[in-house]
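The values are calculated or read from the model by the stated rules, or taken from the named source; none is laboratory data. Small disclaimer: the values here were computed from a predicted structure and weren't measured. Virtual Cβ from ideal backbone geometry, glycine too; neighbours counted across all protein chains shown. What goes into the accessible areas is simple: the full protein's heavy atoms, side chains included, and nothing from ligands, DNA or RNA. Shrake-Rupley method; radii C 1.70, N 1.55, O 1.52, S 1.80 Å.
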Amino acid sequence: MKRVAVILATRDEANLEYEKGRSFLRWLSSTFSKAGCDPLGVVRGTDADVRERHPDAYLVEVTNGENAVRAGIRAALDDGAEAVLLHSVERPAIRSSTIDKLLKSLEGGDGVVPDFEGAPGQPVVLTRAAAEKLLQVDGEPQVNGISRRLQLRRVPTRDPGVLVNIDTPDAYERLLGSKPHLAPLPKRRGAKKTMDAGDGEPSHQG
């Protein structure tokens, strides 16, 4: 089953360093790759710096006014995805083992979301049929609102990373122990469609 992870990287956090010199976007791409997914980053058309810092990434650009979730789902389906995973770039603490558990739970219904201590998190995992259905729904879908549009089953997990949202300077400093700063520029290599898988889980996860 082809699984495409749509990483919504239209925020400034995409380029920030998460761990081991890797940006949020690169770390998440590594995590999803280790879980057997093809990572796809959705960026703004004006985000030249994201493209520069991720030359080996498979990136889809959205123009001003275009909904990033719709653009990412379309690209994933065009790529032959049978399962589409939607994840916001400012949530890099997810574990690959959690993603694997969610994919193994994807049977019946529209899809699944992780649940940590009664709270739903990300990624949102959709079947191909559900992803196609979401494209037909009126309005501009957002990741955290998809459960209200589709029948998604919650999968209990012990991974607090499904809820960790590093979307402010204060959250970055509190969770990572330093002021927000960019990840180092990567060494130049030949372009690839997807990012190389990295090693290890974040040491600061609970």
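Observations, loosely collected:
- Solvent-accessible area, 1.4 Å probe, carbon plus sulfur percent, for the chain: 47 percent
- For the chain, calculated [θ]222 nm from helices alone, where every DSSP H run of n ≥ 4 adds -39500 (n - 2.57): -7500 deg cm²/dmol
- Rg and Dmax over the alpha-carbon atoms of the range 1-62 stand at 11.0, 33 Å.
- Electrostatic bookkeeping for residue 35 treats Lys and Arg as +1 and Asp and Glu as -1; over the other residues with beta carbon under 11 Å from its beta carbon, the sum is +3.
- Legend: P(r) of the range 23-119 from all alpha carbon pair distances, 5 Å bins from 0, whole percents, reading 2, 12, 21, 24, 21, 11, 6, 2, 0.
- q = 0.13 Å⁻¹, the chain: log10 I(q)/I(0) [Debye, one scatterer per Cα]: -0.65
- Kirkwood-based Rg to Rh ratio, the range 125-171, C-alpha trace: 1.06
- Per residue value of the accessible surface for the chain (all protein chains in place, 1.4 Å probe), Å²: 46 Å²
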